[in-house]
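Remarks on the structure that follows.
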Amino acid sequence: MGPNPAETRILDATKRCCEQWGVAKVTIDDIAAASDVSRATLYRLFPGGKDVLFSALRVRELTDFFDRLTAEVDGVDDFEDLVVCLIVTATRELRADQHLAIMLGTEPGEMLGQLTVEGLPRTIRVATEYLTPLVRSHLSEREAVVAIDLLVRLTISYFLAPSDTIDLGDPDSARQFIQPGLAALALTRT
């Protein structure tokens, strides 16, 4: 069952309001007005106010991101091709995310916290949930968890601090970068 239409409107409005005024300045009244719902409805659907709304928005954005990512790699069976496709697609998605770009420009501290210290455990948890079934035929459960953790950290790191020599948004560059790591993994498995 999909989300309630009012919830979707409220989360969409929250996203727009954050882009317009910033996380710290947006108010519940702003969000209620932008979503055309009453404060009472907003609080009924999101008890706890702004913190709950922001958390729900982050979860929705993360879920949408991994839905798009897994759809892109659907049917890729070769492990190296799968890893390259995951890294390249994730990097391109991050680079193309206008909301993320706006928030990094206007609320860098908040967004860096969500991409690193505060939000990284949640991102790794969701990535593990989504990606483990994709890599399970290639790796043990433990290896899959470790590999996904590494891929998430690697992708976010190179997104936040791009390299002059490695472009994880380019399949050939990403493949050259990860091949030594995959070779080392293969040696440890024999």
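Among all stretches of the chain without exposed trypsin sites (Lys or Arg not before Pro) (DSSP loop, at most 14 other Cβ atoms within 10 Å), which one is longest? The segment 26-135 is the longest one with no such site. The residues of the stretch 1-48 have, on average, 58 Å² of accessible surface per residue, using a 1.4 Å probe with all protein chains present.
Comparing VAL146, VAL88, VAL23 in a Gaussian network model of the chain where C-alpha atoms under 10 Å apart are linked, the largest mean-square fluctuation is found at VAL146. For the stretch 74-148, the solvent-accessible area of protein heavy atoms averages 51 Å² per residue (probe radius 1.4 Å; ligands and nucleic acids excluded). The relative contact order of the stretch 1-44 comes to 42 percent, based on Cα pairs under 8 Å that sit 6 or more residues apart. Only Cα pairs under 8 Å and 6+ residues apart enter the sum, and on that basis the relative contact order of the stretch 28-92 stands at 19 percent.
When a 1.4 Å probe is rolled over the protein heavy atoms, the share of accessible surface on the stretch 15-115 that falls to carbon and sulfur comes to 52 percent. Our helix-only sum for the chain, with -39,500 (n - 2.57) per DSSP H run of n ≥ 4 divided by its residues, gives a mean residue ellipticity at 222 nm of -25000 deg cm²/dmol. Across the stretch 96-101, rounded Karplus estimates of 3J(HN,Hα) from the backbone phi angles (6.51 cos²θ - 1.76 cosθ + 1.60, θ = phi - 60°) give 8, 6, 5, 4, 4, 4 Hz, Gly and Pro being marked x.
Sequence-ordered 3J(HN,Hα) estimates for the stretch 47-54 from the Karplus curve with 6.51, -1.76 and 1.60 and θ = phi - 60° stand at x, x, x, 4, 4, 5, 4, 4 Hz, glycine and proline given as x. This structure gives Rg and Dmax of the Cα atoms in Å, computed directly, and of (i) 18.7, 62; (ii) 17.5, 56; (iii) 15.9, 46 that value is listed as (i).
The magnitude of the dipole of the stretch 1-142, with charges of +1 and -1 set on the Cβ of Lys/Arg and Asp/Glu and taken from the Cα centre, is near 540 debye. For the stretch 30-117, the Stokes-Einstein estimate of translational diffusion at 4 °C and a viscosity of 1.567 mPa s comes to 84 µm²/s, using the Kirkwood hydrodynamic radius over alpha-carbon pairs. For the stretch 99-164, averaging the sequence separation of C-alpha pairs within contact (under 8 Å, six or more residues apart) and dividing by the residue count gives a relative contact order of 25 percent.
The values are calculated or read from the model by the stated rules, or taken from the named source; none is laboratory data. Here the structure is a predicted model, which means the values were calculated and not measured. Counting neighbours? That spans all protein chains shown, and the Cβs are built from the backbone with ideal geometry, glycine included. SASA here: full protein model, heavy atoms, side chains in, ligands and nucleic acids out. Shrake-Rupley method; radii C 1.70, N 1.55, O 1.52, S 1.80 Å.
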